[in-house]
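In what follows, a single structure is set out as structure tokens and then discussed.
Only the coordinates and a few stated rules stand behind these numbers; no lab work does. Remember, it's a predicted structure, so these values are computed and weren't measured experimentally. Cβ sites come from the backbone with ideal geometry, for glycine too, and all protein chains shown count toward neighbours.
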Amino acid sequence: MNPEVKFIIGTVTQIFFLLFMIGSGIWVAIDARKHGKPAKEYITWGVFSGWFVFLGLIVYLLWRKRFF
């Protein structure tokens with residue numbers, strides 16, 4: 001495979017995961033806000049789920065079902 005093609009595939013993959021991280025954080029923050037959480041808490045949930053993409057999303061969904 002050509003090095004330029006590998007570079008393009010790698011760049012597209014990185015952009016996809018970055019957008020997924022940002023989207024996950026925004027979705028969790030908006031959902032926590034809809035459920036009436038205070039600003040500090042929904043911002044924290046958004047940052048946590050954006051930083052720890054899959055773990056943060058799973059923990060939030062489990063936490064939401066149990067405590068909301």
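Points worth noting:
- Reported count of residues in region 33-68, each being closer than 22 Å to PHE20 by Cα and not in a loop (DSSP other than H, G, I, E, B), is 25.
- Checking PHE17, PHE54 one by one, the residue that is touching a residue at least 12 places away in the same chain (Cβ under 8 Å), out of contact with any Leu (no Cβ under 7 Å at 6 or more places or on another chain), hydrophobic (A, V, I, L, M, F, W, C) and exposed (fewer than 12 other Cβ atoms within 10 Å of the Cβ) is PHE17 and no other.
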